[in-house]
Amino acid sequence: MVAGLIGAGVHAAGCSTESGNSRFDASASGDGGSKDGNTTTTFDTGFTPGDVGVQVKDACAAVTSKAGSVPVDIIFVIDNSGSMGEEMTQIKTNVNSFAMKIGQSALDYHVIFIVKRGTGSLQVCVPPPLGGTNCGDSLPTFHHVDNDTQSTDSLSDIISTYSQWQSDLRFDAIKVFIEVTDDNARSPYILAQQFDTQLLGLAPAGMFGDTTKRKYIFDAICGWKEGTPYQSNTQCSTAVNTGGEYQLLAVTTGGLIDSVCKTNYSGVLDNFANSIKQKLACEYKMPTTDAGTIDPNQIAVK
């Protein structure tokens, strides 16, 4: 993948070798032509509304791409058990600022909440402009799945409620889960490894990628104690558990981990927003050729 600046264009050229790979494979359309032995193929990356043209000659290719809006679907999964009142208030207070920062990066974002909906102390009512009036949805950008998400079952709830938010997802979007809890997933509910297997197996096939190329990131605001290694046995002061299962998913998928014990989540959600922008907002497709896969070491970007 070739990185460039949002709002700018990028021109890249490269030659093929027998090795090399990219995070997302381009799929060619059927409108290629031939002239003087040179093949021209046009394809849509799935990430930008602009046209992407690839000129292929011999084993080399050049691509010119306009920067556009990259789709990202963000799923907040929030523990609404009795010990989570303050944490839920912090998410509600700061989520509009979080969404604004994502939008400023030119990412095309959808936000989904999986948590009990309402104005009570253990419920979440997402205010406008992200949320709708009277705690409602604001489609297609925001959808609230009204679900009683307890301390140890949130991974199971993600799987069991999938039919309620599947239509809000884009197949080509990276999915970012943000787990918020002071506890941990426990049996008889599914744990991290089972969750990964079941999530990757959901229909349609490939919605969340596969074990070789996941299309989801798992972030965790959990009982991790700031300053300690990830997945340590030390929890922060007000947490019930370290949230080791959620930390494992974050480590597996390249996600972020932060402390649920913080009393102000503005900086926490800022960090999460910046991480999403840095990972996704400046990605471009590598050019490909019929002769083979482009070697990333031979890409020249202008």
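The values are calculated or read from the model by the stated rules, or taken from the named source; none is laboratory data. None of these values were measured; they are calculated from a predicted model. Neighbour counts are summed over all protein chains in view; Cβ atoms, including those assigned to glycine, are modelled from backbone coordinates with ideal geometry. Just the protein is used for accessible areas: all its heavy atoms, side chains included, with ligands, DNA and RNA removed. Shrake-Rupley method; radii C 1.70, N 1.55, O 1.52, S 1.80 Å.
Miscellaneous remarks
- Considering all C-alpha pairs of the stretch 185-235, those separated by over 18 Å amount to 48%.
- Scanning residues 5 or more positions from Lys225 or on other chains, those with amide H under 5 Å from its amide H are Cys236, with H placed 1.01 Å from N in the peptide plane.
- Exposure ranking of Thr197, Thr252 by accessible area [1.4 Å probe, largest first]: Thr197, Thr252
- Grouping the Cα pair distances of the stretch 133-193 into 5 Å bins from zero gives a pair-distance distribution of 4, 14, 23, 24, 19, 11, 5, 1 percent in increasing distance order.
- Spin-label pair Gln198-Asp172: with each label point 7 Å from Cα along the Cα-Cβ axis, the two points sit 3.1 nm from one another.
- The length gained on full extension between Ser232 and Asn134, counted as 0.36 nm times the residue separation minus their Cα-Cα distance, comes to 31.1 nm.
- Surface accessible to a 1.4 Å probe, Arg170 within the full protein complex, Å²: 50 Å²
- Residues whose placed amide H lies under 5 Å from that of Ile75, excluding near-sequence neighbours: Ile112, Val176, Phe177, Ile178
- nm² value of the averaged projected area, convex hull over the Cα atoms of the stretch 144-302: 12.3 nm²
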